[in-house]
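Visitor: I'd like to ask some things about the structure below.
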Amino acid sequence: MTSRTRRAVPLIPLVIAALVLSACGSPGVSADGTIAVVASFYPLQYATQQIGGSLVAVTSLTKPGAEPHDIELTPRAVASVSRARLVVYEKGLQGAVDKAVESQGGGHSLNVAPSANLDLKLANGSTDPHFWLDPQRYSEVARVIAERLAQADPAHRADFEENAAVFEDKLAALSQEFTTGLASCQQRDIVTSHSAFGYLARRFGMRQFAINGLSPDSEPRAGVLATVSAYAKAHEVTTIYAETLVSPAIAQTVATEAGAQMRTLDPIEGLTDRSAGKDYFEVTRSNLKALQAGQGCS
């Protein structure tokens, strides 16, 4: 009896541990088997959803309607970074997210910035992070997201690769629409409320002149409004572009001073009820229509 008792005792904590693990499930996997993915903001959330399909459950650290550049994260949001199987973010865009990933992301994070080839410098020396407004750069990032999802769930690699190929084809078609739609514009200078459209402008043969830098809701430096208004007049710019997540007041001031009209050009950093579409593709095509009207494209 004594020897049997000694052999049986170690099995008790093992059984308990097994029951606990069974109840909790695998880290980063929900009860229905989908992979838990945290994305830092809408463009990365949308791409991951398109590629992962029904195999992933994607949440965003940036709430709908929030301007992503300066967000603060709640303790619950930081905890979600720790629990996720994969965290998809763009290092350098959101300081709070960078800190959360550094402290909680471990080895399960994907920084898409290298894949986006962020090579456009702004006037203040910072790097433009708005790669997703160039469909071709967005496609490069989608390919890397697909690979990381496949690493997280190897059994469904073929599904992720197939979904990514469909997504990339849609982005290629979208890029061609812009190439065709903006080919004959009378005006190649676009004046925007903040520096979000540099990659889009460069891809399709335009020049961006922005009122603000990376943060669209900051107050412009002294003299900036007068400088932008003078630029618009000198270059015969007829349209100043505001956006959806911040007040259009500054853009309206420049438009009034320059004798120009105002239209909306959405940086697609997040969607709201005011967005001109329900997803990335719809809003991007609305941007194309706004540019065609504002830039005199036949």
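Residues are listed down the side, and each one gets a yes or a no for (1) in contact with a helix residue (DSSP H, G or I) (Cβ under 9 Å, 6 or more places away or on another chain); (2) exposed (fewer than 14 other Cβ atoms within 10 Å of the Cβ); (3) under 24 Å from Arg207 (Cβ atoms):
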position: Glu90; (1), (2), (3): yes, no, no
position: Gly107; (1), (2), (3): no, yes, no
position: Leu110; (1), (2), (3): yes, no, no
position: Ser115; (1), (2), (3): yes, no, no
position: Leu118; (1), (2), (3): yes, no, yes
position: Arg143; (1), (2), (3): yes, no, no
position: Arg157; (1), (2), (3): yes, no, no
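Visitor: Same structure, new question: May I ask you to list the residues in segment 148-181 that are touching a strand residue (DSSP E or B) at 6+ places or on another chain (Cβ under 9 Å) and without any contact (Cβ under 8 Å) to a residue 24 or more places away in the chain?
Guide: The one that is touching a strand residue (DSSP E or B) at 6+ places or on another chain (Cβ under 9 Å) and without any contact (Cβ under 8 Å) to a residue 24 or more places away in the chain: Gln151.
This table checks each residue for (1) of a type in the set (Asp, Glu); (2) in the same structural domain as Lys99 (by TED's automatic domain parsing); (3) at positive phi.
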position	(1), (2), (3)
Asn117	no, yes, yes
Ser126	no, yes, no
Val141	no, yes, no
Val144	no, yes, no
Asn163	no, yes, no
Asp189	yes, no, no
Ser193	no, no, no
Ala201	no, no, no
Gly205	no, no, yes
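Visitor: Oh, and also: Can you tell which of Ala150, Ala164, Ala142 is of a type in the set (A, V, I, L, M), under 12 Å from Gly52 (Cβ atoms) and touching a His at 6+ places or on another chain (Cβ under 8 Å)?
Guide: Step by step, each of Ala150, Ala164, Ala142 is checked, and only Ala150 is of a type in the set (A, V, I, L, M), under 12 Å from Gly52 (Cβ atoms) and touching a His at 6+ places or on another chain (Cβ under 8 Å).
Visitor: Follow-up question, since we're still on this one. Just name the residue that is nearest to Asp273 (Cα to Cα) out of those in segment 234-250 that are among the hydrophobic types (A, V, I, L, M, F, W, C) and at pLDDT 90 or above.
Guide: Among those that are among the hydrophobic types (A, V, I, L, M, F, W, C) and at pLDDT 90 or above, it is Ala242.
Visitor: Any idea how many residues of segment 29-55 are crowded, with 24+ Cβ neighbours inside 10 Å, β-branched (Val, Ile, Thr) and assigned to a strand (DSSP E or B)?
Guide: Of the residues in segment 29-55, 2 are crowded, with 24+ Cβ neighbours inside 10 Å, β-branched (Val, Ile, Thr) and assigned to a strand (DSSP E or B).
Visitor: Of everything in segment 240-298, what is out of contact with any strand residue (DSSP E or B) (no Cβ under 7 Å at 6 or more places or on another chain) and among the aromatic types (Phe, Trp, Tyr)? Give them in sequence order.
Guide: If the condition is that a residue be out of contact with any strand residue (DSSP E or B) (no Cβ under 7 Å at 6 or more places or on another chain) and among the aromatic types (Phe, Trp, Tyr), then Tyr280, Phe281 are the ones that fit.
The values are calculated or read from the model by the stated rules, or taken from the named source; none is laboratory data. Only a predicted model underlies this, so the values are computations on that prediction, with no experimental measurement involved. Positions of Cβ are generated from backbone atoms using ideal geometry, with glycine treated the same way; all protein chains shown enter the neighbour counts.
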